[in-house]
Structures are given as C-alpha cells and as structure tokens.
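The next block holds one structure in the form of structure tokens; read it before the comments.
The values are calculated or read from the model by the stated rules, or taken from the named source; none is laboratory data. Predicted model only: the values in this text are computed from it and were never measured. Cβ coordinates were reconstructed from backbone atoms using ideal geometry, including for glycine residues, and neighbour counts include every protein chain displayed. Accessible surface is based on the protein model in full, side chains and every heavy atom, while ligands, DNA and RNA are left aside. Shrake-Rupley method; radii C 1.70, N 1.55, O 1.52, S 1.80 Å.
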Amino acid sequence: TQLLEQSPQFLSIQEGENLTVYCNSSSVFSSLQWYRQEPGEGPVLLVTVVTGGEVKKLKRLTFQFGDARKDSSLHITAAQPGDTGLYLCAGEVSNQFYFGTGTSLTVIP
Amino acid sequence: DTAVSQTPKYLVTQMGNDKSIKCEQNLGHDTMYWYKQDSKKFLKIMFSYNNKELIINETVPNRFSPKSPDKAHLNLHINSLELGDSAVYFCASSLFWAQEDTQYFGPGTRLTVL
C-alpha cells in the first residue's frame with residue numbers, strides 16, 4: 001500500500017490568510033490529484049498534475065508536483081470561508097489511486 | 001441530473017445482518033469503484049470494475065462482494081456485518097481505466113453497525 005501523509009491534519013485560519021498543505025510519500029507516482037470534500041458529500045476533483053515540477057493554478061489555489069513526483073503542495077492565497085473543507089491528495093500507481101490522510105481546513109470569517 | 005448516485009444515503013443495522021448498497025452512474029463511464037472512508041476521513045479503495053470485470057480487489061474481507069450487472073451499476077453486498085464495517089462508503093466512476101482519468105464520486109452511504 002502506498003502511503004501519502006498530509007500535513008497539517010487540521011488547519012484553522014482567518015479569512016484572508018494564506019496557507020499551504022503538503023502531501024508527502026516515499027513512493028513515486030505517475031500522477032497526483034487533489035480533491036476537496038465537503039461534509040456529507042463525495043470528494044470533488046480540483047486538479048491533476050502529471051509532470052515532475054509541474055505547477056497548476058486554479059484561481060487562488062496553486063498546486064505543485066515535486067520534481068521527483070513523490071510529493072505535492074497546495075497553496076491557497078487569501079483564503080475564504082468557501083474554501084472550508086477536507087482536502088485530499090491522491091497518488092496514482094498503475095492506474096490505481098491511493099488517497100492521503102487528509103487535511104481539514106476551516107476558514108473563519 | 002445526478003452523475004453518480006448511491007442508495008441508501010444512510011444505513012443503520014444490527015451486527016450480523018446482510019445489507020446491500022447500490023450505485024448507478026449515468027455518465028457512460030467504463031470504470032466504477034468502491035471506496036471506504038473511515039472515521040478519520042481516510043479514503044481507501046476496495047474494488048474497481050472495468051466493463052463489468054473486476055480489476056482491483058484490495059485486501060477486503062470476503063464478506064464484501066461487489067456485483068456489476070452492467071457498466072452503469074456497481075452494487076456492494078456485505079454479509080455478516082461487523083462493528084468495524086461502520087464507515088462511509090463511496091462509489092465513483094471514471095471514463096476509462098486509464099492514467100489521470102477523473103473520478104466522479106457519489107454522495108456516499110453512511111453505514112452504522114450497532
């Protein structure tokens with residue numbers, strides 16, 4: 001089983017602050033995805049990164065895939081209450097995705 | 001229109017019972033999955049079916065048996081339910097069994113075993 005550790009596990013910040021969530025593993029992944037899950041709902045895909053060192057931006061969210069394709073980060077600029085949720089990374093090996101331990105983000109108005 | 005739907009949304013049952021969770025996708029996808037999310041929000045794959053054929057069967061007790069009557073449906077039957085089976089079960093689908101393919105998740109079924 002491929003293990004992806006996410007940090008921090010819990011994060012509570014004020015509206016307008018910046019934050020970074022990390023997803024780390026000792027395994028190499030063919031691709032890595034980030035999901036956001038809201039209470040009572042299924043995860044929703046935010047982005048897929050494929051190439052080592054790749055950076056993708058989605059409005060105020062910046063995703064980076066590590067050069068060695070073992071880790072990834074998610075940076076949120078000027079967080080808003082609507083960003084509140086559980087953020088999950090998922091690394092892909094042989095067409096199978098292994099999910100990270102999750103980061104629960106709360107943005108306080 | 002709901003892309004991936006699951007029924008029931010909540011399931012409360014006694015230990016030892018047998019229960020089923022149904023999943024349907026109307027996206028025309030070839031691949032469907034079952035995931036289990038525990039109380040710590042850890043999401044782990046259980047099964048994956050591609051064109052009605054079992055592709056992945058992670059280390060899951062034999063009490064769990066998926067059935068795919070057609071490409072649009074993947075049901076999960078659980079025998080002799082145990083307390084540790086309490087979790088949220090998510091169904092998902094993707095267009096192909098391929099790299100980088102987007103998985104679309106259902107709303108989840110919260111199973112509570114008493």
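Can you list the strands (runs of 3 or more DSSP E) found entirely within the range B:64-114 that contain at least 1 residues being within 14 Å of chain A (Cβ to nearest Cβ)?
B:87-94, B:109-113
Restricting the range A:2-20 to residues that are open to solvent by less than 60 Å² (accessible area, probe 1.4 Å) and outside any loop (DSSP other than H, G, I, E, B), which is modelled with the lowest pLDDT?
Among those residues, the one meeting the criterion is A:L4.
Scan the range A:67-94 residue by residue and report those that are within 30 Å of B:L54 (Cα to Cα), touching a residue at least 60 places away in the same chain (Cβ under 8 Å) and crowded, with 18+ Cβ neighbours inside 10 Å.
Residues satisfying the conditions are A:Y87, A:L88, A:C89, A:A90, A:G91, A:E92.
Filter the range A:48-66 down to residues that are open to solvent by 80 Å² or more (accessible area, probe 1.4 Å) and not in a strand (DSSP E or B) and give me whichever is nearest to the other protein chains (Cβ to nearest Cβ).
Looking at the filtered set, the residue picked out is A:T51.
Can you tell me how many residues within the range B:28-47 are surrounded by 15 or more Cβ atoms within 10 Å (Cβ to Cβ) and more than 30 Å from A:P8 (Cα to Cα)?
Number satisfying all stated conditions: 4.
State the number of residues belonging to the range A:85-109 that are more than 15 Å from A:P8 (Cβ to Cβ) and not in a strand (DSSP E or B).
Of the residues in the range A:85-109, 3 are more than 15 Å from A:P8 (Cβ to Cβ) and not in a strand (DSSP E or B).
When the residues of the range B:62-92 are filtered to those that are touching a residue at least 60 places away in the same chain (Cβ under 8 Å) and open to solvent by less than 50 Å² (accessible area, probe 1.4 Å), which remaining residue is nearest to B:L111 (Cα to Cα)?
For the range B:62-92, the residue satisfying everything is B:Y89.
Consider only pairs whose beta carbons are under 8 Å apart and that are at least six residues apart or on different chains; among these, list those whose first residue lies in the range B:40-52 and is more than 12 Å from every other protein chain (Cβ to nearest Cβ) and whose second residue is in a loop (DSSP other than H, G, I, E, B) and of a type in the set (D, E, K, R).
Within 8 Å, the pairs are B:N51/B:D30; B:N51/B:K71; B:K52/B:K71.
Which of the residues that make up the range A:67-108 are farther than 13 Å from A:V28 by Cβ, within 14 Å of chain B (Cβ to nearest Cβ) and not hydroxyl-bearing (S, T, Y)?
A:G85, A:L86, A:L88, A:C89, A:A90, A:N95, A:Q96, A:F97, A:F99, A:G100, A:G102, A:L105
Quick check on the range A:14-25. Is at least one of its residues away from every other protein chain (no Cβ under 14 Å) and free of Cβ contacts under 8 Å to residues at least 12 places away in the same chain?
No, the range A:14-25 contains no residue that is away from every other protein chain (no Cβ under 14 Å) and free of Cβ contacts under 8 Å to residues at least 12 places away in the same chain.
Assess whether A:S72 counts as being modelled with pLDDT of 95 or more and small (G, A, S).
Yes: the conditions hold for A:S72.
In the range A:21-36, which residues are assigned to a strand (DSSP E or B), open to solvent by 40 Å² or more (accessible area, probe 1.4 Å) and either on the phi > 0 side of the Ramachandran plot or out of contact with any Phe, Trp or Tyr (no Cβ under 7 Å at 6 or more places or on another chain) (or both)?
Passing the criteria: A:Y22, A:N24.
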